[in-house]
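A quick write-up on the structure given underneath.
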Amino acid sequence: MDEPPESLCSPQADLRRWRMSDLDALERAIRESLDHLVPWMPWAADPGRRQTAAFLTEAQQKWETGREFGYAITADAEVIGSCSLMRRIGAGGLEIGYWLHPARTGRGLVTMAVETLVGAGFRLDGTDRIEIHHDAANHASGAVARRAGFTEIERVPAPEGPLTPGESGIDVIWRMTADQWRKRTAQSAAARPAS
């Protein structure tokens, strides 16, 4: 089975596959981020050690089956968020999801994590597009997608309607194709000074 590396590095934060030993660190990051997460993440309305342990167990199972590749976002050896590549938008597609501890926002860390995941995702066989889906009221998620080079392709009513207090019930879908990624990568390489 084709899968991404278990750890990925970016300039200010690293991504590594979730492991069961992350339970305490993840539980702390979630608890400290609840005000930031509850408006957008349905699972944040009922956090707790049991739910966090179940998430980590499920993350292992999903990785093994290739349905989802979940990573801890870490900086200075501290868990500061989560991001994933998910196979839930049809053949050839991956969706990226993410959240970050509010004390670490505004530094470009999630954008770096997303760009790192995009590179890993397009190295997987058969990936022709990667998408980010978020509620229209979640402007911060949209800003990440825009900065990472995604193109907004549509806005559609959420099938279940709003699921959290902050949601509007309109899903925004952003996409990057393999061709767009290759062009972006080539442009970045050309812009780097020769050493």
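The values are calculated or read from the model by the stated rules, or taken from the named source; none is laboratory data. Here the structure is a predicted model, which means the values were calculated and not measured. Positions of Cβ are generated from backbone atoms using ideal geometry, with glycine treated the same way; all protein chains shown enter the neighbour counts. Note: areas computed on protein heavy atoms with side chains; ligands, DNA, RNA excluded. Shrake-Rupley method; radii C 1.70, N 1.55, O 1.52, S 1.80 Å.
Some points to look at:
- Percent RCO, i.e. relative contact order, over the range 1-135, from Cα pairs under 8 Å lying at least 6 residues apart: 27 percent
- Expected 222 nm ellipticity per residue - DSSP helices of 4 or more, -39500 (n - 2.57), all of the chain, to 500: -11500 deg cm²/dmol
- Structure-derived Rg/Rh (Cα atoms, Kirkwood Rh) - corresponding label in (i) 0.95; (ii) 0.97; (iii) 1.04: (i)
- Residue with peak Gaussian network fluctuation, the chain [Cα springs, cutoff 10 Å], from 163, 100, 37: 163
- Distance (nanometres) between label positions extended 7 Å along Cα→Cβ at residue 188 and residue 136: 3.1 nm
- Among 167, 68, 95: highest mean-square fluctuation, GNM of the chain, C-alpha pairs under 10 Å: 167
- Taking the range 97-195 and dividing mean pair separation by its residue count, relative contact order in percent (alpha carbons under 8 Å, at least six apart): 27 percent
- Accessible area per residue for the range 36-195 is 51 Å², calculated with a 1.4 Å probe on protein heavy atoms, without ligands, DNA or RNA.
- Separation of the residue 168 and residue 31 label points, Cα + 7 Å toward Cβ, nm: 3.5 nm
- By accessible area, using a 1.4 Å probe on protein heavy atoms only, the range 86-195 has 52% of its surface on carbon and sulfur.
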